[in-house]
Number of protein chains: 2
Amino acid sequence: MLGRMTVTGPQSTPRRRAPRADAVLNRESIIEAASQVLAEQGTAVDVREIARRSGVGMGTLYRHFPKKEDLVRTVLHNDFSKWAESARRAASDAEDPWAALADFYQQALTGYARHCAIMENFALTWSEPDLEGIRQLRLVIEELRAHASALLRPGVTTDDLLLLLVSLGHAVQFTDACRPQMWQRLLRISLDGLRTDHREPLPAATSPDAGIQPSDSHTLAARSRPSQSG
Amino acid sequence: MLGRMTVTGPQSTPRRRAPRADAVLNRESIIEAASQVLAEQGTAVDVREIARRSGVGMGTLYRHFPKKEDLVRTVLHNDFSKWAESARRAASDAEDPWAALADFYQQALTGYARHCAIMENFALTWSEPDLEGIRQLRLVIEELRAHASALLRPGVTTDDLLLLLVSLGHAVQFTDACRPQMWQRLLRISLDGLRTDHREPLPAATSPDAGIQPSDSHTLAARSRPSQSG
DNA sequence: GCCGATGCGGAGCGGATGCTCCGGTTCGCC
DNA sequence: GGCGAACCGGAGCATCCGCTCCGCATCGGC
């Protein structure tokens with residue numbers, strides 16, 4: 001069966017010829033503009049704004065991304081990845097595993113506190129753990145946890161650390177603009193709660209990293225706005 | 001000047017006679033229905049749905065609450081108060097001040113994790129600290145903090161505890177439906193971080209309870225949807 | 001019971017927004 | 001350079017949603 005499949009060029013359908021050069025450029029500029037706009041205004045932004053900012057027409061935008069959600073997903077994939085990477089770099093400069101963990105949170109929260117779309121879509125962490133950007137984030141945290149495990153109180157899981165990041169992310173949203181020191185205090189409190197010291201271990205998580213039920217119907221675009229099919 | 005103002009009945013304008021009985025009933029049923037609907041669907045809900053659920057027409061609804069935000073504000077005022085009260089009651093049954101604090105968080109997070117509108121509008125905690133419901137919540141926390149102060153690490157403020165509540169509130173939103181034990185773990189970690197034990201005190205908050213700048217333009221209704229004036 | 005002030009209902013307005021349609025343009029293989 | 005497929009742009013469609021308007025019903029002081 002498999003042997004009968006014709007081996008066809010780089011991927012899947014062979015008859016489709018390479019995209020035109022201008023189309024490639026347009027796609028890139030759409031993604032770049034969308035990243036900016038989504039960071040500034042969140043996923044509820046008008047698609048026209050993205051088209052305008054990237055200098056293409058609506059037709060072009062919708063040719064590349066048939067649904068708004070397709071575009072948002074692509075951008076979030078990229079930006080979650082960039083986020084994970086920049087936070088990982090900050091952690092790699094630290095002098096000990098615990099400082100690495102602390103620096104990771106510090107960088108993760110400062111660097112992306114203003115990225116509305118990411119802050120809005122933390123739910124993806126649980127509803128779509130397989131999105132590439134999310135997976136990278138998890139991997140970074142898992143690595144940091146392993147290195148710092150001697151200092152972490154027993155029973156702390158990667159999911160605990162991830163949920164802490166999500167949770168603090170919202171604290172940052174509320175306080176960063178007016179009183180940034182507030183979320184820093186909360187970060188410090190939480191990190192202290194994670195240290196081993198002489199506390200008893202946490203109870204084992206009942207399903208440590210099992211598959212997670214996606215919540216009801218969380219879509220990427222337009223929180224609480226029903227998607228409408230034409 | 002003041003002396004010339006006529007003293008007029010119970011309040012302000014005297015010529016307005018008491019509202020009709022049916023109007024009072026309608027107002028109550030609107031608030032009740034709105035509370036349900038807002039809890040279920042958040043502030044982005046269609047006003048028509050509230051009118052339908054409460055059995056009144058649009059005209060009636062807008063007579064009582066000229067703007068959607070007026071209604072939402074009234075409901076949130078009530079519901080924040082109810083929330084504070086129910087959490088305070090849970091705390092009052094505890095056997096020691098620390099357990100009271102823990103029970104408070106437990107009840108606050110369990111009882112209102114499903115109240116979409118409250119979870120959405122934690123920002124009010126910072127942007128409108130004078131809203132009555134918010135003030136009650138702060139008062140309860142302040143009281144618990146005072147009672148547990150011997151066990152709290154030095155430097156922990158009421159705002160710290162409030163921000164922790166806000167922050168955990170979002171963790172609850174993400175995990176309560178599928179893995180409720182996850183946020184419970186995070187609560188435990190955070191509470192442990194608040195205990196005095198042998199850690200150094202937190203640095204003093206730079207402006208402990210000073211006036212807070214309201215963030216850019218947060219309105220109660222329809223997150224990220226620009227209000228439109230007719 | 002009369003009657004006017006008060007209250008009611010819901011069709012409809014205007015604007016925002018996701019998405020489509022199609023005539024005109026441009027690229028790139030030959 | 002020629003030509004057809006791929007691509008582009010933006011006007012326009014359908015829908016949603018906050019809010020208004022106005023003819024009609026109801027309450028309640030007399």
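Contact-buried residues of the range A:153-170, at a threshold of 20 Å² lost accessible area versus the chain by itself: A:Arg153, A:Asp159, A:Asp160, A:Leu163, A:Leu164, A:Ser167, A:His170 (1.4 Å probe; DNA, RNA and ligands ignored). One chain, two ends: A:Asn78 and A:Thr110. Fully extended at 0.36 nm per residue, the span grows by 9.7 nm beyond their Cα-Cα distance. Close amide H partners of A:Gly42, meaning residues 5 or more places away or on another chain with modelled amide H under 5 Å apart, are A:Cys116, A:Ala117. The accessible-area ordering, largest first, of the residues B:Leu139, A:Leu165 stands as B:Leu139, A:Leu165, per a 1.4 angstrom probe. Phi-derived couplings, Karplus 6.51 cos²θ - 1.76 cosθ + 1.60 at θ = phi - 60°, listed residue by residue for the range A:72-77: 4, 4, 4, 5, 5, 3 Hz, with x used for Gly and Pro.
Ligands, DNA and RNA aside, A:Cys116 has an accessible area near 40 Å² when probed at 1.4 Å.
Here the range A:79-173 exposes an accessible surface that is 49 percent carbon and sulfur, computed with a 1.4 Å probe and the other protein chains kept in place. Phi angles across the range B:38-43 convert, under the Karplus curve 6.51 cos²θ - 1.76 cosθ + 1.60 with θ = phi - 60°, into 3J(HN,Hα) values of 5, 5, 6, 10, x, 6 Hz, Gly and Pro given as x.
Using the alpha-carbon centroid of each, what span in Å lies between the range B:156-178 and the range A:87-148? If you average the Cα positions of each part, the centres end up 19 Å apart. Take every pair of alpha-carbon atoms less than 8 Å apart whose residues are at least six positions apart; their mean separation over the length of the range A:22-66 yields a relative contact order of 44 percent.
The string of couplings for the range B:109-126 from the Karplus curve (6.51, -1.76, 1.60, θ = phi - 60°) is 7, 6, x, 10, 4, 8, 8, 3, 5, 5, 4, 5, 10, 4, 4, 4, 3, 9 Hz, one whole number per residue in order, with x for Gly and Pro. Atom-type composition of the exposed protein surface of the range B:23-66 places 49 percent of the accessible area on carbon and sulfur (1.4 angstrom probe). For B:Ala94 and B:Gln181, the FRET efficiency from 1/(1 + (r/R0)^6), where r spans their Cβ atoms and R0 equals 35 Å, is about 0.95. Under 28 Å of direct C-alpha separation, and excluding same-chain neighbours fewer than eight residues apart, B:Lys82 reaches these lysines: B:Lys67, B:Lys68.
For B:Arg195, the residues whose modelled amide H falls within less than 5 Å of its own, excluding neighbours fewer than 5 places apart on the same chain, are B:Arg153. Residue ranking by accessible heavy-atom surface, 1.4 Å probe, largest first, among A:Thr157, A:Thr43 comes out as A:Thr157, A:Thr43. Computed with every protein chain present, the accessible area of B:Ser81 is close to 20 Å² [probe 1.4 Å]. The largest accessible area among B:Glu32, A:Glu95, A:Glu49 belongs to the first residue in A:Glu95, B:Glu32, A:Glu49, and the rest follow in falling order (1.4 Å probe, all chains). If I take R0 = 22 Å and measure r between the Cβ atoms of B:Glu40 and A:Arg48 in this structure, what FRET efficiency does the formula 1/(1 + (r/R0)^6) give, to the nearest 0.05? Efficiency computed from Cβ-Cβ geometry: 0.10. Between B and A, buried accessible area from a 1.4 angstrom probe totals roughly 4200 Å², ignoring ligands, DNA and RNA.
The values are calculated or read from the model by the stated rules, or taken from the named source; none is laboratory data. Values in this document were obtained by computation on a predicted structure and should not be read as measured data. Every residue, glycine as well, gets a Cβ built from its backbone with ideal geometry; the counts of neighbours run over all protein chains shown. Just so you know, the surface numbers come from the protein's heavy atoms only, side chains and all, with ligands and any DNA or RNA stripped out. Shrake-Rupley method; radii C 1.70, N 1.55, O 1.52, S 1.80 Å.
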